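Student: Take a look at the following structure, please.
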Amino acid sequence: MALSTNCPSCGAPVVFKSASSVFSVCEYCQSTLVRHDQNLEDIGKMAALVEDRSPLQLGAEGRYKGVHFALIGRIQIKYSQGLWNEWHLLFDDMRTGWLSEAAGEYVLTFAEFVEDRLPNFDELKIGQRFVLASRTWTVSNIENAECIAGQGELPFKVGAGYPVPAVDLRNQAAFATLDYSETPPLFFVGEAVDFKSLDMNGLRDGMAIPTPSVQAQVFRCPACGSPMAARSAEILAVGCVACGAVVDAADQNHQILSKALGLRDEKYTPRLPLGSKGRLEGKPVEVIGFLVRQSRVDGIAYDWREYLLAGENGSYRWLTEYDGHWNVADGLSRPPTSSGIVELDSVSFGGQSFKHFSTSPAAEVIQVAGEFTWRVRRGETSRVIDYVAPPLMLSSESTDSDLSWSQGFYLAPEAIAEAFKLSVPLPEPVGVFANQPNPWAEPHRRVWRLFWKLALATILVQAFFVFLSGGKLLLRQDFVFDPRAADEVQTREFEITGKPRKIAVKNTTSLDNNWMGLDLLLVNKSSGAAWPAARELSFYSGYDDGRWTEGSQDDEVVFLNIPAGTYYLTLDPDMAPNKPVAVRDSVEVHTAGAGWSNFVLVMVFLAVFPLFAYFRYAAFEARRWAESDHAPVSSDDADGSDD
Amino acid sequence: MFDKFSLAAGVFALVVFAYAQQQGWNLFDNVANPSHGGSGSSRTYHK
């Protein structure tokens with residue numbers, strides 16, 4: 001229930017709308033009032049708020065998940081990158097919450113009581129992961145912020161200079177803050193929200209949409225006097241295009257963050273000049289900032305260019321360029337939970353698995369020009385870890401106090417030239433980039449799919465011939481050939497039916513260190529037509545450093561296109577005269593089934609195409625990964641030779 | 001382009017394979033009368 005009373009300092013009416021509000025700042029005389037039952041105590045004047053361009057104000061209303069709320073209080077906080085507001089919300093269901101407003105990003109949180117011991121502020125490090133309230137969190141930001149002023153109803157005492165040590169935690173589903181300004185610390189859990197989704201009304205006039213593209217400030221570079229501009233309050237640093245000095249845009253005296261360069265390196269001229277306008281994915285963007293980062297590996301410097309793009313409604317995007325390869329990247333408000341600053345083999349995000357590609361322990365900013373939403377300095381370093389799932393790239397960038405994630409999408413130079421309507425073509429890409437799509441990936445998949453279909457068809461054709469044609473036994477008869485009376489013998493008669501067939505005759509003998517010539521004759525009983533075949537069998541074996549064999553005791557010969565009829569075989573043996581050993585011979589005659597050699601050959605032939613597609617695909621991947629931290633070590637590298 | 005070529009080559013190989021199986025061709029057969037074909041390949045046998 002609301003409590004209405006009067007300010008003990010000026011007599012103006014003071015209303016406590018929320019029962020949990022303990023403090024209120026009189027909107028007329030700025031007295032900080034403490035609530036004691038029905039009385040108010042004046043504990044001094046609250047410092048004045050710093051004018052900002054927030055579209056929000058006390059009394060503004062909105063809806064969150066269908067529940068109406070009103071803004072009843074506000075704390076303005078100063079941190080390393082500027083100002084942020086914490087708006088105290090009172091919902092119709094009597095819950096209170098906080099709407100954090102910083103750099104055009106809005107996060108709505110609710111206080112949550114946890115029984116777990118909260119970690120000490122000093123114990124926490126960027127990227128550290130721990131479980132709190134049965135959820136895993138990653139430390140994404142650590143700030144030693146300071147309260148500037150308060151306004152309206154607040155649940156705790158605030159004042160100018162009041163320290164607000166705060167730690168931001170993130171996981172893929174939620175956002176949380178540990179507020180160490182109270183003892184014990186307060187734990188707030190919520191999520192990033194889209195400003196439009198809050199359906200706000202009662203906003204400040206002329207600031208209905210939180211866009212930074214208003215009220216640009218123009219000033220001169222304190223180092224060289226060249227004109228500089230910051231398009232909005234969100235622009236905290238501006239790099240001088242003329243001399244390279246970096247200036248604090250939020251500072252009234254435009255303090256220099258990085259000194260002017262003695263000589264600007266022409267090789268770092270931006271390919272997209274500042275102020276270039278274009279359309280990415282159908283949305284207008286403008287290049288407002290350009291910086292060059294450099295990383296050194298084994299003494300070799302690798303540098304890449306980054307362009308800050310201002311988009312619609314205060315949004316920002318990045319374009320990155322390395323050796324002619326381009327990526328468009330967006331910051332992630334809900335980053336992967338599985339990794340902090342520790343590199344992992346892979347990270348799951350958005351239903352995809354990203355493989356670790358490379359880690360740059362100290363990516364240094366070496367050139368700055370244009371406007372930036374943080375106080376960028378030349379020489380500042382960050383640890384950058386890249387994970388890839390072409391055409392996507394997931395990058396984490398961390399400093400001692402901040403961890404941020406972004407997701408990039410690979411773009412061909414032609415797409416950039418088209419987006420910005422460039423008249424001069426961009427440089428051709430060199431080599432294969434980390435998340436460059438493999439042009440052979442799709443043909444590789446298509447050819448393999450085709451192979452499996454053709455292989456299945458081949459198996460079905462083979463099965464048809466194996467099961468439906470041939471393999472029927474027509475005759476089996478045993479003979480014993482004696483070298484002393486090696487006469488011609490004749491088999492029983494057998495029938496061949498149907499169309500002309502391939503007939504196989506198999507001889508299985510008991511030859512042992514012996515040989516035998518065998519003249520076969522397949523004879524049609526009624527016509528007398530005959531088909532001859534001369535075979536020679538030999539089989540030798542022995543021991544000579546182990547058992548050896550040579551030749552075979554078996555033999556098979558086929559007769560093609562044998563017409564239907566009644567047949568018999570004659571066998572005329574020719575045996576070794578110096579070895580008077582009888583040889584048993586088991587003769588089998590059968591219609592020949594489908595051979596397997598054609599099947600094997602056609603499968604090998606069909607496999608040539610997917611194998612070629614695979615090697616072409618794999619060669620591209622090898623070139624990609626040769627540039628990563630996981631490149632195969634060559635023998636030259638491994639032996640450590642310097643020549 | 002390559003997948004169209006592989007489709008054409010694969011289908012051609014499949015057709016040749018089916019015909020070879022139907023004809024009973026086998027690279028590794030020991031053919032008794034390889035230089036002949038049909039019923040006219042035989043000679044008349046007289047005991």
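The values are calculated or read from the model by the stated rules, or taken from the named source; none is laboratory data. Predicted model only: the values in this text are computed from it and were never measured. Glycine gets a Cβ as well: all are built from the backbone with ideal geometry, and neighbour counts include every protein chain shown. Ligands, DNA and RNA are excluded from the accessible area calculation, which covers all protein heavy atoms including side chains. Shrake-Rupley method; radii C 1.70, N 1.55, O 1.52, S 1.80 Å.
The rows are residues; the columns are (1) open to solvent by less than 20 Å² (accessible area, probe 1.4 Å); (2) of a type in the set (A, V, I, L, M).
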position: A:357; (1), (2): yes, no
position: A:370; (1), (2): yes, no
position: A:379; (1), (2): no, no
position: A:389; (1), (2): yes, yes
position: A:392; (1), (2): no, yes
position: A:407; (1), (2): no, no
position: A:419; (1), (2): yes, yes
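Student: Continuing with this model, one more query. Would you be able to say whether some residue in region A:437-459 is touching a helix residue (DSSP H, G or I) at 6+ places or on another chain (Cβ under 6 Å), surrounded by 17 or more Cβ atoms within 10 Å (Cβ to Cβ), within 27 Å of residue A:328 (Cα to Cα) and more than 10 Å from every other protein chain (Cβ to nearest Cβ)?
Tutor: Scanning region A:437-459 turns up at least one residue that is touching a helix residue (DSSP H, G or I) at 6+ places or on another chain (Cβ under 6 Å), surrounded by 17 or more Cβ atoms within 10 Å (Cβ to Cβ), within 27 Å of residue A:328 (Cα to Cα) and more than 10 Å from every other protein chain (Cβ to nearest Cβ).
Student: Still on this model: Suppose we keep only residues that are without any contact (Cβ under 8 Å) to a residue 40 or more places away in the chain and either over 22 Å from residue A:555 (Cα atoms) or more than 7 Å from chain B (Cβ to nearest Cβ) (or both) within region A:520-531. Which one would you say is most open to solvent (accessible area, probe 1.4 Å)?
Tutor: That would be A:527.
Here is a yes/no grid of residues against (1) open to solvent by 20 Å² or more (accessible area, probe 1.4 Å); (2) in contact with a His (Cβ under 9 Å, 6 or more places away or on another chain); (3) of a type in the set (D, E, K, R):
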position: A:61; (1), (2), (3): yes, yes, yes
position: A:66; (1), (2), (3): yes, no, no
position: A:73; (1), (2), (3): no, yes, no
position: A:76; (1), (2), (3): no, no, no
position: A:79; (1), (2), (3): yes, no, no
position: A:92; (1), (2), (3): yes, yes, yes
position: A:109; (1), (2), (3): no, no, no
position: A:115; (1), (2), (3): yes, no, yes
position: A:123; (1), (2), (3): yes, no, yes
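Student: Also, quick follow-up: Residues to consider are A:83, A:108; find the one that is at pLDDT 90 or above, under 36 Å from the mean Cα position of the chain (by Cα) and not polar (S, T, N, Q).
Tutor: Values: A:83 fails: at pLDDT 90 or above.
The conditions single out A:108.
Student: May I ask you to list the residues in region A:11-30 that are among the hydroxyl-bearing types (Ser, Thr, Tyr) and part of a strand (DSSP E or B)?
Tutor: Quick first cut of region A:11-30, residues among the hydroxyl-bearing types (Ser, Thr, Tyr) only: A:18, A:20-21, A:24, A:28.
The one that is among the hydroxyl-bearing types (Ser, Thr, Tyr) and part of a strand (DSSP E or B): A:24.
Student: Which residue is most open to solvent (accessible area, probe 1.4 Å), if the candidates are limited to region A:468-487 and must be at negative phi and within 12 Å of chain B (Cβ to nearest Cβ)? Break it down into steps so the answer makes sense when it comes.
Tutor: Kept after step one, since they are at negative phi, are these residues of region A:468-487: A:468-469, A:472-487.
In the following step, the residues that additionally are within 12 Å of chain B (Cβ to nearest Cβ) were identified as A:468-469.
Details: A:468: 123, A:469: 41 Å².
For region A:468-487, the residue satisfying everything is A:468.
Student: Any residue in region A:168-177 that is more than 27 Å from residue A:26 (Cβ to Cβ), of a type in the set (Lys, Arg) and surrounded by 15 or more Cβ atoms within 10 Å (Cβ to Cβ)?
Tutor: Checked against the condition, which is being more than 27 Å from residue A:26 (Cβ to Cβ), of a type in the set (Lys, Arg) and surrounded by 15 or more Cβ atoms within 10 Å (Cβ to Cβ), region A:168-177 yields at least one hit.
Student: Out of the residues in region A:49-59 that are of a type in the set (D, E, K, R) and either open to solvent by 60 Å² or more (accessible area, probe 1.4 Å) or touching a Cys at 6+ places or on another chain (Cβ under 7 Å) (or both), state the one that is nearest to residue A:175 (Cα to Cα). Walk me through it before giving the result.
Tutor: Quick first cut of region A:49-59, residues of a type in the set (D, E, K, R) only: A:51-53.
Now restrict to residues that are either open to solvent by 60 Å² or more (accessible area, probe 1.4 Å) or touching a Cys at 6+ places or on another chain (Cβ under 7 Å) (or both): A:51, A:53.
Values: A:51: 27, A:53: 24 Å.
By that ranking, first place goes to A:53.
Student: Then there's this: Name the residue, out of A:465, A:372, that is modelled with pLDDT under 95, more than 29 Å from the chain's Cα centre (by Cα) and of a type outside the set (Gly, Ala, Ser). Talk me through it step by step, then tell me what you get.
Tutor: On the way: A:372 fails: more than 29 Å from the chain's Cα centre (by Cα).
Within the list A:465, A:372, the selection yields A:465.
Student: Which condition number in (1) in a helix (DSSP H, G or I); (2) within 30 Å of residue A:599 (Cβ to Cβ) is the one that residue A:484 fails?
Tutor: (2)
Student: Another question, then. Looking at region A:228-250, which of the residues that are without any contact (Cβ under 8 Å) to a residue 40 or more places away in the chain and out of contact with any Leu (no Cβ under 9 Å at 6 or more places or on another chain) is nearest to residue A:366 (Cα to Cα)?
Tutor: Restricting attention to region A:228-250, the residues satisfying the condition of being without any contact (Cβ under 8 Å) to a residue 40 or more places away in the chain are A:228, A:242-243, A:245, A:247.
Then drop every residue that is not out of contact with any Leu (no Cβ under 9 Å at 6 or more places or on another chain), which leaves A:228, A:242.
Working: A:228: 20, A:242: 15 Å.
If we take residues in region A:228-250 being without any contact (Cβ under 8 Å) to a residue 40 or more places away in the chain and out of contact with any Leu (no Cβ under 9 Å at 6 or more places or on another chain), then A:242 is nearest to residue A:366 (Cα to Cα).
Student: If you don't mind, another one. Of all residues in region A:487-499, which are more than 13 Å from residue A:567 (Cα to Cα) and in contact with a strand residue (DSSP E or B) (Cβ under 6 Å, 6 or more places away or on another chain)? Before you say what the answer is, go through the steps one by one.
Tutor: Going through region A:487-499, the residues more than 13 Å from residue A:567 (Cα to Cα) turn out to be A:487-489, A:498-499.
Hits for region A:487-499 are A:488, A:489.
Student: If I filter region A:185-210 down to residues being more than 18 Å from residue A:102 (Cβ to Cβ) and at pLDDT below 85, which single residue comes out as surrounded by the most Cβ atoms within 10 Å (Cβ to Cβ)?
Tutor: Checking each candidate, the answer is A:208.
Student: Hey, can you tell me all the residues within region A:570-591 that are open to solvent by 20 Å² or more (accessible area, probe 1.4 Å) and either free of Cβ contacts under 8 Å to residues at least 12 places away in the same chain or within 14 Å of chain B (Cβ to nearest Cβ) (or both)?
Tutor: A:572, A:578, A:590
Student: Out of everything in region A:211-231 that is within 41 Å of the chain's Cα centre (by Cα) and at pLDDT below 75, what residue ends up being least open to solvent (accessible area, probe 1.4 Å)?
Tutor: In this case the residue turns out to be A:212.
Student: Quick one: residue A:152 ticks every box in (1) in a loop (DSSP other than H, G, I, E, B); (2) on the phi > 0 side of the Ramachandran plot; (3) at pLDDT 85 or above bar one, so which box is it?
Tutor: (1)
Student: Oh, and also: Which residue is surrounded by the fewest Cβ atoms within 10 Å (Cβ to Cβ), if the candidates are limited to region A:540-569 and must be within 12 Å of another protein chain (Cβ to nearest Cβ) and modelled with pLDDT under 90? Give the derivation first.
Tutor: Initial filter on region A:540-569 (within 12 Å of another protein chain (Cβ to nearest Cβ)): A:552, A:554-565, A:567-569.
Adding the requirement that they be modelled with pLDDT under 90 leaves A:560-561.
Numbers: A:560: 22, A:561: 20.
Top of the filtered list is A:561.
Student: Out of the residues in region A:262-317 meeting the condition of being farther than 30 Å from residue A:197 by Cβ, touching a helix residue (DSSP H, G or I) at 6+ places or on another chain (Cβ under 9 Å) and outside any strand (DSSP E or B), tell me which one is least open to solvent (accessible area, probe 1.4 Å).
Tutor: Selected residue: A:272.
Student: May I pose another question? Could you check region A:31-48 and list, in sequence order, the residues that are in a loop (DSSP other than H, G, I, E, B) and surrounded by 15 or more Cβ atoms within 10 Å (Cβ to Cβ)? Please lay out each step first, then the result.
Tutor: Restricting attention to region A:31-48, the residues satisfying the condition of being in a loop (DSSP other than H, G, I, E, B) are A:37-38, A:46-48.
Scanning region A:31-48 gives A:46, A:47.
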